[in-house]
């Protein structure tokens, strides 16, 4: 793969990770459940770490790292805020919105993993993709716990 393509793919993951960082921070702000606030704050910090690591890799490759998220993510965060307002900070609804965001991140990471990215860049992307998959599983587990706690 040409170095410029690797830089471009890493920059797309910087945007994806920044979106996750901001989305989780917004979810933590909106949810009323303190356990979920802690979970969302932790994922926001983890995604901030992804951004820093990816930016460092882009710089190391001689590129200019992306600095922000995407418009689509801003709209998604707005959707989380709307959903929270409608559901009054309901944890299950906000968890579902976060899971949607993580599924989007999974797709972006898979696209890069399926490319011919290699070396240290590949190792970094693989490691972060595993964390995204773990987050999805954790969010699904939390959704299951909430549905057990609130019989219908």
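The values are calculated or read from the model by the stated rules, or taken from the named source; none is laboratory data. Computed from a prediction, not measured in an experiment: that's the story for all the values here. Positions of Cβ are generated from backbone atoms using ideal geometry, with glycine treated the same way; all protein chains shown enter the neighbour counts.
Structure values in brief
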| item | result |
| --- | --- |
| Considering residues of the range 112-135 that are loosely packed, with under 15 Cβ neighbours inside 10 Å and without any contact (Cβ under 8 Å) to a residue 12 or more places away in the chain only, the residue farthest from residue 5 (Cα to Cα) | 134 |
| Some residue of the range 74-93 being surrounded by fewer than 21 Cβ atoms within 10 Å (Cβ to Cβ), at pLDDT 90 or above and over 23 Å from residue 146 (Cα atoms) | no |
